[in-house]
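Asks: Input: one structure, supplied below.
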Amino acid sequence: MTRPGFTLPRPGPAAGQEPGDPEPLAADATVDLTAERADAGVGEILDALESDLVGLQPVKTRVREIAALLLVDRVRSRFGLSAGPPSLHMCFTGHPGTGKTTVALRMAELLHRLGYLRRGHVVSVTRDDLVGQYVGHTAPKTRDAINRAMGGVLFIDEAYYLYRAGNERDYGQESIEILLQYMENHRADLVVIMAGYADRMEAFFASNPGMSSRIAHHLEFPDYSLDELVAIGEVMLREQRYRLSAAAEAVFRDYLARRMTQPRFANARSVRNALERARLRHANRLVAADGALAKDDLMRLEPADFLASRVFGG
């Protein structure tokens, strides 16, 4: 019996086990990976990634492979088979508008669900957020960004701008050295994802082999095809409660085919920009028109809303 006013203490975690860690398993135990996957919510995240992004099958396949590896590692650790914390720093390469930021957000959520990150948030930065303009300015800026990202993901867009060869007065190398220290010493509590054009990232890693050796996963984001860009536009329109008339569907497709061949094309970003400008023309067209408007008039985009674009010489 327990004495009045006293309760027996609950058993704490086993030696070497952190609070909240999965319970260790006996050597003769069995594990259902399907149940483990469901309990961690991995399927939900992968399904969300599938619905968030059109196409990008190679990227989605790689994310599923990483998820499987981490799930198995998590189960192995419960049998005492842990090989130490895996290196999870990544590099995303591809042109703008190919979904790199969206995948980073889902990756952070995935790592959090599987217990590899405490918080699972993403802090997005560029060179300007990390590198100072005078002596003594870079270290605190870089450390501040890293500290904000602790427990989650530090997403460095256009990371190659951190390094400027031949400029002795540039402080980017100082930021890189601090990043390297944290990537090595805090890899159980911080994931760094670097993103940018493939050729420039390759040159960046060639100039900084220490950084290259710490990147475990390289994901290449291909450009979208015309059909995929059209599908992306349809998704955006549905989300905003707009639609294309039958005639506008053909014009929108023609617009994208032309825009893909022109400078500064940015995949899904260019699709979003095109639709924003079409909405602007649509609104001006309705305001200038006489007569009553029906609900469908407020939703329907017509060829004129695209044909005025400079893409068509308008």
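Asks: Averaged over all directions, how much area does the convex hull of the C-alpha atoms of region 165-220 cover when projected, in nm²? Show your work: numbers first, answer last.
Replies: Working: hull surface 16.9 nm².
Result: 4.2 nm².
Asks: From the residues Thr261, Ala294, Ser245, which one has its Cα farthest along the dipole of region 214-314 in the positive direction, the dipole being from +1 and -1 charges on Cβ of Lys/Arg and Asp/Glu about the Cα centre?
Replies: Selected residue: Thr261.
Asks: What does the charge dipole of region 156-308 about its Cα centre add up to, to the nearest 20 debye, if the Cβ of each Lys and Arg holds +1 and the Cβ of each Asp and Glu holds -1?
Replies: Working: 20 positive and 24 negative charges, 122 e Å.
Value, rounded to 20: 580 debye.
Asks: Continuing with this model, one more query. Loop only by DSSP, 11 or fewer other Cβ within 10 Å of the Cβ. Give me the trypsin sites (Lys or Arg not before Pro) in region 146-250 that pass, ordered by residue number. Present the calculation step by step, with values, prior to reporting the outcome.
Replies: Details: sites: Arg148, Arg164, Arg169, Arg187, Arg200, Arg214, Arg238, Arg241, Arg243; in loops: Arg164, Arg169, Arg187, Arg214, Arg241.
Passing both the DSSP loop test and the Cβ count: Arg169, Arg241.
Asks: Give the aspartates and glutamates whose C-alpha is closer than 18 Å to that of Lys295, dropping any in the same chain fewer than 8 places away, or say none.
Replies: The reachable aspartates and glutamates, counting only those whose Cα sits under 18 Å from Lys295, are Glu239, Asp305.
Asks: With the other protein chains left in place, how much accessible area per residue, in square angstrom, belongs to region 85-222 at a 1.4 angstrom probe?
Replies: 45 Å²
Asks: Sort out the exposed loop chymotrypsin sites (Phe, Trp or Tyr not before Pro) in the chain (DSSP loop, at most 13 other Cβ within 10 Å) and tell me the longest stretch that has none. Working shown, then result.
Replies: Numbers: sites that count: Phe6, Phe79, Tyr134.
The segment 135-314 is the longest one with no such site.
Asks: For region 191-284, just list the percent of Cα-Cα distances falling in each 10 Å bin from zero outward, please.
Replies: Taking all Cα pairs of region 191-284, the binned fractions are 13, 37, 22, 18, 9, 1 percent.
Asks: Tell me, in nm to one decimal, what length is gained between Leu25 and Arg264 on full extension, where the rule is 0.36 nm per residue of separation less the Cα-Cα distance?
Replies: Numbers: separation 239, 0.36 × 239 = 86.04 nm, distance 5.48 nm.
Result: 80.6 nm gained on full extension.
Asks: Let me ask something else about it. Straight distance only, please: which lysines reach the Cα of Lys60 with their own Cα at less than 18 Å, same-chain residues fewer than 8 apart left out?
Replies: Straight-line reach from Lys60, under 18 Å: Lys100.
Asks: Now for a separate question. Give, rounded to the nearest 20 debye, the magnitude of the charge dipole that the chain has about its Cα centre when Lys and Arg contribute +1 at Cβ and Asp and Glu contribute -1 at Cβ. Could you put the intermediate results ahead of the total?
Replies: Details: 39 positive and 41 negative charges, 118 e Å.
Here the size comes out at about 560 debye.
Asks: Let me ask something additional. Whose amide H sits under 5 Å from the amide H of Val122, counting only residues 5 or more places off or on another chain, with H placed in the peptide plane?
Replies: So Val122 has HN proximity to Val153.
Asks: Using the basic label-point model (7 angstrom from Cα toward the beta carbon), what is the Asp128 to Glu158 distance in nanometres?
Replies: Inter-label distance under the simple model: 0.9 nm.
Asks: Near the amide H of Leu301, under 5 Å away, which other amide H atoms are found, from residues 5 or more places off or on another chain, if H is placed in the peptide plane?
Replies: Answer set, sorted by chain and number: Arg243, Leu244, Ser245.
Asks: Whose amide H sits under 5 Å from the amide H of Val192, counting only residues 5 or more places off or on another chain, with H placed in the peptide plane?
Replies: Correct list: His89, Met90, Leu154.
Asks: With all protein chains present, how much of the accessible area of the chain (probe radius 1.4 Å) comes from carbon and sulfur, to the nearest whole percent? Present the calculation step by step, with values, prior to reporting the outcome.
Replies: Values: 8820 of 17360 Å².
About 51 percent, which is the carbon plus sulfur part of the accessible surface.
Asks: Still on this structure: Mind giving me the nanometre distance, one decimal, between the label points for Ser82 and Arg300, set 7 Å out from Cα along Cα→Cβ?
Replies: 6.3 nm
Asks: Hey, quick one: spin label on Leu33, modelled 7 Å out along Cα-Cβ, who in region 63-97 has an amide N within reach, i.e. under 18 Å?
Replies: Only 63-83, 86 fall inside the zone, counting backbone N under 18 Å.
Asks: Within 10 Å of each candidate Cβ there may be at most 15 other Cβ atoms; applying that plus a DSSP loop requirement, which GluC sites (Glu not before Pro) in region 93-173 survive? Don't jump to the answer; show the numbers that get you there.
Replies: On the way: sites: Glu109, Glu158, Glu168; in loops: Glu158, Glu168.
Qualifying residues, ordered by number: Glu168.
Asks: Follow-up question, since we're still on this one. Given Cβ point charges of +1 (Lys, Arg) and -1 (Asp, Glu) and nothing else, what value in debye, to the nearest 20, does the dipole of region 220-314 about its Cα centre take?
Replies: Details: 16 positive and 14 negative charges, 69 e Å.
Magnitude of the dipole: close to 340 debye.
Asks: Residue by residue through region 57-65, which ³J(HN,Hα) values in whole Hz follow from phi under the Karplus form 6.51 cos²θ - 1.76 cosθ + 1.60 (θ = phi - 60°), with glycine and proline marked x?
Replies: 4, x, 5, 4, 4, 5, 5, 5, 5
The values are calculated or read from the model by the stated rules, or taken from the named source; none is laboratory data. None of these values were measured; they are calculated from a predicted model. We place every Cβ from the backbone using ideal geometry, glycine too, and count neighbours over all the protein chains shown. Only protein heavy atoms, including side chains, enter the accessible area calculation; ligands, DNA and RNA are left aside. Shrake-Rupley method; radii C 1.70, N 1.55, O 1.52, S 1.80 Å.
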